[in-house]
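Notes for the one structure printed next.
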Amino acid sequence: MNRTDAFKEINSTQDYYVNELIQLINSPEYETMKRINFTSATGTGKTKMMAKLINKLPHFYFIITTLSKGQLHIQIRSSIQHDCANNNFYVYGSADYRINSKLDAQDIIDNIPTNMPCIWLRDEGHIKTNRFDEVLANVCYKIINISATNIYSDIKCNFAQTMMLRSVNQTVGRPEDAIAKLIEVKQAHENIPNYNPCAIFRCVGNDAYLYEHIVFLCEKNNLKWIDITNDDYVMAELCEDNNEYDVIINKFKIVEGIDIRRAHVLYMDNQPENNATTIQVIGRCRRNALLYRNDIDIFLPENKKLLEETRECFVFYNVKSMNIDSDENGELYYAFCDHISCEDLKPNSTIQVTNGQLPNGLYIIELENKTGTYTIKVDPNTGFNTVSPLTDFYAEKKECSNNYYYTMWGEKIKLANIYKLPLYDTENTFNYEKDEYELIKCEPYYKLISAITLNNCHTEEFTLSKKAIDLNPLLESFLSNKSVYTHDYIDERIANLNNVCFLDEVSDRKFKIPGKISASKTVNEYISINKEQKGYKKFCALLENILNTSINLSDEGVFPTNDTLDTHALYLICYYLIEYKERRKTYETLWDSEHRFNKVLDNIKSLTNSNYHSAINWNVVVYISMNPDNKDFLLKNNYQVPVLTCERDYDKEYSIDESTISDYFGALEMRLTPTENNLDKIIFYPSKELIVNTITSRLQLTEENLRNNCIDKFIISYNALFERINSDEMFMLRNKHIHALDRINKSDLALNYKEYTKTINDKESSTIGVDLMRPSKTANNEVIWTEAKTVTAKISNHNKFNSYISNKYKNELAYGRQHCFKGKNSFNLDKRCNSALGYCVEYYSKYLVYGESYLNGFIQKALDEAYPAKINDTIIVRACMLKYRQMMINCFGTGVSKVIKTISISQLIQDKYKYFVELVIELGTKTANYVKKTLYDDRPTLNNIDPNLTIQHISGLADYITEDIILDVKVTNNIDEKYLRQILAYHYLSTKRTDLYINKVIVYDAVSDKAVVIDIDETNRRMSC
């Protein structure tokens, strides 16, 4: 793409939506509709599209109303006058017609030419303008609300593939962070003539200290600022690329419409409570300024880095924890999320991507890691967009058998082979009361690992026959080789190593470490100058604390820093903290400074525990720990020596092999041989004597083990039971379509689901399955975007999968609607109990249907939690919660555990939860009776069908499932169309399995004891796998 192409695409997209608007204006179907809502993202040229509309309809007269604040009406009037060929319009600001204004209502009406229909264009149409409504509502032919934040839309413009808008990086931050980012942006754009990137500070909280702090930061960093809340200004001048002001402080004036393209950074002293305000405020920073300049072409190869820098803007919220907006189908989604589906692009358009990324920075989900030119085509089978040529995203089949269990190390093992692994009934658990680990009894389990290691074990422990064997032949060979490795010989070999240094030998001069006088002078002067300065007080206090205060270096006690470090080393810590702070140009980076200081303390503590610490050059330790540029150095307080290792297969006997000894000494020789790779890190040890003594001690211990008929390390290999996974399986593991385990309880193997093969992905399911991404927040307030895959999420929104289900199962839905019913629960439950009721009823009913074995293991876990206790209804309900949690993790991944609402056993046994437990028992019993009668009246009651229906882009977990029926349990006292869509979605997923041929789906409500039963059309029963 070049600059010409970019503008051609923008103009054609604007024309496309203007023509669509004209069609609605002229449409007989819309003739009775007075208002049309035209929604287009902030920064997509709504004013330009108004001008295009006016030019294309010269026989209409247009009244444009907009806001007066921020001089927006002046900007729009000037722009439309410049772009319109005819004088068939007039622009009013909201302040032009108010009570007591000079403008009279009749003046507005008289300005409309006679015999010329009038269209009212309401810029920022989401805002009410009651006074204009009184005048214009009845005299205008059409009223068009043009805004980025209309509540609903008749036309919703999509400019996702154009270069018009920047993506948004949002985070929690302080004014310091925003200023630091502004300086970074300025440095990235410093070679652009007459271009001054700026930041907008939106301060609505009347915090005087915060205001003064922002001003202080501006002046400290030589940034020119203006407060447009109070100061005189001309908005058009502030919007110019070369305007002198670096920071614009305001309350509400820069919200809607203001076109200030040079704004790259936004700071808000709060987070708006509604999406509309967030969209409008952030919109001030989203316009891609450099796209519109004639003196630079950001598409040229030499400007690649600049393009990457300028297509992103930054938003900082001054809050402890930001909220993630749920505007999944609106502008915030396109602003915050950098991944979109090709469904968001115009059909028959051509796009260019590099590693799946459009020139504007957005990634196309279907083109992950792809580079080249692609066309957006409508798939004739589904009616949705695909990319052409097709990529491996649409790969026809990825099959997965439930006959395998997958490990966390890229391997899989057949169910039958798991029984050949060792069975454990104890686990190492930390006892907090005793402050130590201890072995405790637990439910029997298998470790899914391909090798078991035994340390310092006797031969009868690792032989298959459990009989001792004679290790004398190995001992003789070992002693013969060991005789060479005397203390002096090892010392000489270590002295010749080129990647090893010793902290008791290295000097300050090697690293040009500042002397004591120089370091102390620098630190003392810095503290003296800055200790009373805002933004430096805490940092200087930290420096003084380092110089004067005792520091905890050990769990066993408190050691004053100067017991280990002399004054020179202490000043060096402060010296490097100051250097780091100033070089990085960070502001009040107290956390960074403390983190770096703690790193030095960790290294000092580690080395202090060594027997060789007394002669260590602590100045070098400080230098290596504190200097971020020295990534080629490592500090270690111990030396790893090879150990004598033997190995046998799990089903074969061990035989003596003297090659084990030669392999051992070969490994030792490699550790004592100089490296030929100059890229290896230099490792610093406390002392050469440490290495010599470690090697000789290890050799002596190995000799003693052999004399006692022991081996240092013995490995029993189970490799033969495991298989390497293929690339398709690796893809599914990475994306959590298959879940990896490190252990499995013996009781879980008793499920014995029927074996099947599942079509994880094909063109149809990948086309309809990928929709908008869903945001989630990490512990440090970072936002990550992942596919919204659950059936529940997909049938709740207007998206591809929902539309596909509606069309594919239109007959089933039409029948089901006739039998839906409305009702309302009157349970006296709190929010947590309400959330848990549904799944507790389902799992309690399964306990009644399938017997106690269904909750095998989980009942014991509930009993352990309530110890001492006996099995009762409360224990069973708690076991249901534990089982549900595990099933959800198996289906949807570990992340789902954070949102599952459970109730602890200590709470469940309280009187206030007695009603909840009784309700679960009552509804669960009704459900069990219905299930037995409906599903198992003429067949054995077996839980032998896997309810996990998840495929690559759509995940679902059925409540009850047999070979031919799916039943979903509700406790809502109503069954609506959403529930029907959900179970029909489960049916769609069932067609990807070889063990299922579902001809009937049932939604059962336990409260009303009613059900909607739907027979599946013959054409929809086919299996696609």
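Any read-out appearing in this document is the output of simple, stated calculations on the displayed coordinates, not a laboratory observation. These numbers come from a predicted model, not from an experiment. Ideal geometry is used to build each Cβ from the backbone, glycine not excepted, and the neighbour counts take in all protein chains shown.
Evaluate the charge dipole of the chain about its Cα centre and quote only its size in Debye, nearest 20, assuming +1 on the Cβ of each Lys and Arg and -1 on the Cβ of each Asp and Glu.
Dipole about the Cα centre, nearest 20: 2220 debye.
Quick one: length gained pulling LYS34 to GLU918 fully straight, 0.36 nm per residue minus the C-alpha distance?
312.7 nm
Among 285-291, 469-475, 877-883, how do they line up from the highest to the lowest mean number of other beta-carbon atoms within 10 Å?
The densest-packed peptide leads the list: 877-883, 285-291, 469-475.
With r defined as the distance between the Cβ atoms of ILE418 and SER906 and R0 fixed at 41 Å, what FRET efficiency is calculated, to the nearest 0.05?
Result of the calculation: an efficiency of 0.70.
Among rounded, prolate and oblate, which fits segment 440-526 when a ≥ b ≥ c are the square roots of the eigenvalues of its C-alpha gyration tensor, a/c under 1.5 means rounded, and a/b larger than b/c means prolate?
Oblate.
Students often forget the sequence filter, so: which lysines lie under 24 Å Cα-Cα from LYS34 once same-chain residues fewer than 8 apart are removed?
By straight Cα distance, LYS34 reaches LYS46, LYS48, LYS52, LYS56, LYS128, LYS142, LYS156.
Compute the distance in nm between two label points, each set 7 Å from the Cα along the Cα-to-Cβ direction, one at LYS304 and one at ILE656.
Distance between label points: 6.4 nm.
Expressed in nm², what is the orientationally averaged projection area of the convex hull enclosing the Cα positions of segment 180-239?
4.9 nm²
How many angstrom lie between the C-alpha centres of segment 684-713 and segment 167-225?
Going from one Cα centre to the other spans 60 Å.
May I ask for the Rg/Rh ratio of segment 167-336, computed from Cα atoms with Rh as the Kirkwood radius, given to two decimals?
Rg divided by Rh gives 0.95.
For LYS534, give me every one of the lysines with a C-alpha distance below 30 angstrom, ignoring sequence neighbours fewer than eight places off in its own chain.
LYS181, LYS186, LYS220, LYS224, LYS251, LYS253, LYS320, LYS516, LYS521, LYS581, LYS585, LYS599
Volume per residue, Å³, of the convex hull around the alpha-carbon atoms of segment 3-156?
120 Å³
In bins 10 Å wide, starting from 0, what share of all Cα pairs of the chain does each bin hold, as a percent?
Once binned at 10 Å, the Cα pair distances of the chain give 2, 8, 13, 16, 17, 18, 14, 8, 3, 1, 0, 0.
Report the dimensions of segment 833-926 along its three principal axes from the alpha-carbon atoms, largest first, rounded to Å.
Dimensions of segment 833-926 along the principal axes of its Cα atoms: 33, 27, 26 Å.
Among 35-43, 201-209, 805-813, how do they line up by average Cβ neighbours within 10 Å per residue, starting with the highest?
35-43, 805-813, 201-209
For a 29 Å ceiling on Cα separation, which of these pairs sit above it: LYS861/LYS978; LYS441/LYS466; LYS304/LYS512; LYS914/LYS978; LYS861/LYS1000?
With Cα atoms farther than 29 Å apart: LYS861/LYS978; LYS304/LYS512; LYS914/LYS978; LYS861/LYS1000.
If you stretched the chain out fully between ASP649 and SER321, how much longer would it get, using 0.36 nm times the residue separation minus the C-alpha to C-alpha distance?
Length gained, ASP649 through SER321: 112.7 nm.
Compare the peptides 864-876, 434-446 by average per-residue count of other Cβ atoms within 10 angstrom and give them in order, highest first.
864-876, 434-446
Any idea which of LEU863, MET887, TYR850 is furthest toward the positive side of the dipole for segment 833-926, if Lys and Arg beta-carbons carry +1 and Asp and Glu beta-carbons -1?
Final value for the positive-end residue is MET887.
Can you give the local net charge around ALA395? Use residues other than it whose beta-carbon is closer than 10 angstrom to its beta-carbon, Lys and Arg +1, Asp and Glu -1.
Taking every Cβ under 10 Å from that of ALA395, the sum is -1.
May I ask which residue of SER662, LEU923, CYS840 lies farthest towards the positive end of the charge dipole of the chain, with charges of +1 (Lys, Arg) and -1 (Asp, Glu) on Cβ and the Cα centre as origin?
So the residue furthest toward the plus end is LEU923.
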